[in-house]
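**Q** My questions will all concern the structure given below.
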Ligand SMILES: [Zn+2]
């Protein structure tokens, strides 16, 4: 056999192995998602790749009965939000933080994305995010090790394994549908100077652009000065720009 032919068979063999793995993982997705909220099942169908589906499914299973109350608003709810009492209160609370920040840091502007994050946006990010890909591969590998030799694993055992697996490094995104941004329960801030973002919402910027440059502390100070309507920042994964909206002043 020529070298080229050998290479071709190795390539085909690897592809067939990949397909078999993908089919087995997809069978686990179907098996373990049987009793889920239909909105979560529909979201899983829009996730690309069985390993990313397994990682999202893990989050849905862990959410348990809280999933329904946490699920991202419908398009109709998202569109109505700005004109609701809750939306108006959040806008006023955000304006207060921005004003406090501006008076303490002349020349610098605090920006915030006020729009709740739709399911479509959460899905698009989940499907392309690198940290999600890394965690998804690790989860699929762990499940393969545990169930790879079984034809059809026991559904409770599969769900148990999914729920109890922990990534070495947490993915930087909540599973699609479960982001606190989906119900305007969280907001991301960033700092601008001369129209340029100097502390943004990139995972790589947390230590240098935020902590080392002092913006982590200055954002916290602006939140305190404006009545403590936001709690944070998020610690896992560490996001100095991400705050939960608590709407009542913290005691
Ligand atoms: Zn956020």
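**Q** What's the angle, to the nearest 10 degrees (0 to 90), between helix 119-128's Cα axis and the longest principal axis of the chain?
**A** 60
**Q** Against the empirical 2.2 N^0.38 Å scaling, what ratio does the C-alpha Rg of the chain come to? Present the calculation step by step, with values, prior to reporting the outcome.
**A** Working: Rg = 21.8 Å, N = 251, 2.2 N^0.38 = 18.0 Å.
Normalised Rg, Cα atoms only: 1.22.
**Q** Follow-up question, since we're still on this one. Semi-axes, largest first, in whole Å: what does sqrt of 5 times each Cα gyration tensor eigenvalue give for region 124-202? Could you put the intermediate results ahead of the total?
**A** Working: eigenvalues 256, 41, 17 Å².
Over the Cα atoms of region 124-202, the semi-axes work out to 36, 14, 9 Å.
**Q** Moving on to the next point. Regarding region 192-248, what are the three Cα extents along the principal axes, ordered largest first, in Å?
**A** 31, 28, 17
**Q** If we sort 79-89, 163-173, 228-238 on the protection proxy, mean other Cβ atoms within 10 Å, highest first, what's the order?
**A** Working: 79-89: 12.5, 163-173: 14.3, 228-238: 16.2.
The most tightly packed comes first, giving 228-238, 163-173, 79-89.
**Q** While we're looking at this one, here's another question. How are the C-alpha pair distances of region 57-205 spread across 5 Å bins, as whole percents from the shortest bin up?
**A** 1, 8, 13, 15, 16, 15, 11, 8, 5, 3, 2, 1, 0
**Q** Okay, moving on. For every helix of n ≥ 4 consecutive DSSP H residues, a contribution of -39,500 (n - 2.57) applies; sum these over the chain, divide by its total residues, and give [θ] at 222 nm rounded to the nearest 500 deg cm²/dmol.
**A** Working: 10 runs with 131 residues, N = 251.
Using -39500 (n - 2.57) per qualifying helix, the result is -16500 deg cm²/dmol.
**Q** Sort 90-102, 60-72 for me by packing, meaning the mean count of neighbouring Cβ atoms within 10 Å per residue, highest on top. Don't skip to the end; give the middle numbers.
**A** Values: 90-102: 17.3, 60-72: 15.7.
Result, highest mean first: 90-102, 60-72.
**Q** Based on the Cα gyration tensor of region 23-78, what are the three equivalent ellipsoid semi-axes, each the root of five times an eigenvalue, rounded to whole Å and given largest first? Write out the running numbers ahead of the final one.
**A** On the way: eigenvalues 87, 32, 15 Å².
The three semi-axes for region 23-78 are 21, 13, 9 Å.
**Q** Let me ask something else. Cα convex hull of region 54-118: how many Å³ per residue? It would help to have the intermediate numbers written out before the result.
**A** Numbers: hull volume 8.8 nm³, N = 65.
Convex hull of Cα atoms, per residue: 136 Å³.
**Q** Sort 119-131, 178-190 by packing, meaning the average of other beta carbons within 10 Å per residue, with the highest value first.
**A** Numbers: 119-131: 16.5, 178-190: 20.8.
Sorting 119-131, 178-190 by mean packing, highest first, produces 178-190, 119-131.
**Q** For the chain, calculate the relative contact order in percent as a whole number, restricting contacts to Cα pairs under 8 Å that are 6 or more residues apart. It would help to have the intermediate numbers written out before the result.
**A** Details: 300 pairs, mean separation 56.6, N = 251.
23 percent.
**Q** Helix 155-164 against the longest principal axis of the chain: what's the angle in degrees, Cα atoms only, rounded to the nearest 10?
**A** 40
**Q** Between 0 and 90 degrees, rounded to the nearest ten: what's the tilt of helix 215-225 against the longest Cα principal axis of the chain?
**A** It is inclined by approximately 50 degrees.
Read-outs: derived from the displayed coordinates by stated rules, not from any lab. Here the structure is a predicted model, which means the values were calculated and not measured. Every residue, glycine as well, gets a Cβ built from its backbone with ideal geometry; the counts of neighbours run over all protein chains shown.
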